[in-house]
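Engineer: The structure under discussion is supplied below as structure tokens; questions concerning it will follow.
The values are calculated or read from the model by the stated rules, or taken from the named source; none is laboratory data. Computed from a prediction, not measured in an experiment: that's the story for all the values here. Ligands, DNA and RNA are stripped out before the accessible areas are found, and what is left, the full protein with its side chains, is counted by its heavy atoms. Shrake-Rupley method; radii C 1.70, N 1.55, O 1.52, S 1.80 Å.
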Amino acid sequence: MENLKYLLYGLVGLYLFNTFFCASDSSSGEVEYEEVVLPTQGLITVVKEVETDQFKIEDEITIPDTAGSLIVANYLDMTSDTFTLSEARLMEANGYTGRSGSVMRAASYGFFGYMMMRNMGSARRPSAGAYTSKQAYDKTSKGAGQKLSQTASRTRRVKPGSGRSGFGSGSKSSRSFGG
């Protein structure tokens, strides 16, 4: 009788372990994949100040190297600035503030947003409202936009959070090994 009690406790324990730690947290338990599309060419984006501290994209031109990507800002006072891709990423990480932030924000609404490491496959396409005119939008979409899409690198990766199952699938382990 004593052994039967321990056998029953063991079965209940196994059932609870399986239910809480080994059950899949997705309905099928299958891994899902997503396509990651990243530009292999760079881009020079020219933005124009249309009103004080308000910018729109005037043109976007592809270049061979992504690291050489630039934003050229033309101001109402007839001066201009150039921002590198590194500077743009730093400003994005720190938040867009001031006049330079307005330049960065405007550029990110166009194809330059892809240079900021956004997945071209899942990102929204630029809208005509981000450009100085419908003609500028059409020219860029048919030129730089198509070229970026045609030459982009495409890979598949496991979609984050898909197919997780088993012990510790939903959280980090609190157990450590080593010293």
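Engineer: When the Karplus curve 6.51 cos²θ - 1.76 cosθ + 1.60 is applied with θ = phi - 60°, which whole-Hz ³J(HN,Hα) does each residue of the stretch 31-46 get, with x for Gly and Pro?
Structural biologist: 6, 9, 10, 10, 8, 10, 10, 10, x, 10, 10, x, 8, 10, 10, 9
Engineer: Next question. Over the Cα atoms of the stretch 27-125, what radius of gyration and what Dmax do you get, in Å?
Structural biologist: Cα-based Rg and Dmax for the stretch 27-125 come out at 15.5, 60 Å.
Engineer: Still on this structure, please answer the following. Gain in length, Ser149 to Ala93, computed as 0.36 nm per residue apart minus the alpha-carbon separation, to one decimal in nm?
Structural biologist: Value of the extension gain: 17.6 nm.
Engineer: Once the cut-off is 17 Å, how many percent of the Cα-Cα pairs in the stretch 64-104 end up in the long-distance tail?
Structural biologist: Of all Cα-Cα pairs in the stretch 64-104, 31 percent lie more than 17 Å apart.
Engineer: Go through the stretch 79-94 residue by residue and turn each phi into a ³J(HN,Hα) via Karplus (6.51, -1.76, 1.60, θ = phi - 60°); whole Hz please, and just put x for glycine and proline.
Structural biologist: 9, 8, 10, 10, 10, 7, 4, 4, 5, 5, 5, 5, 5, 5, 5, 9
Engineer: Any idea how far the Cα center of the stretch 52-82 sits from the one of the stretch 107-154, in Å?
Structural biologist: Using only Cα atoms to place each centre, the spacing works out to 14 Å.
Engineer: Once you order the gyration tensor axes a ≥ b ≥ c over the Cα atoms, which shape class does the stretch 84-158 get: rounded for a/c under 1.5, otherwise prolate or oblate by comparing a/b with b/c?
Structural biologist: The shape class here is oblate.
Engineer: Given a 1.4 angstrom probe, what's the average accessible area per residue across the stretch 37-127, in square angstrom?
Structural biologist: 49
Engineer: What is the total of Lys pairs in the stretch 47-161 with C-alpha atoms under 20 Å apart, excluding same-chain pairs fewer than 8 positions apart?
Structural biologist: 9
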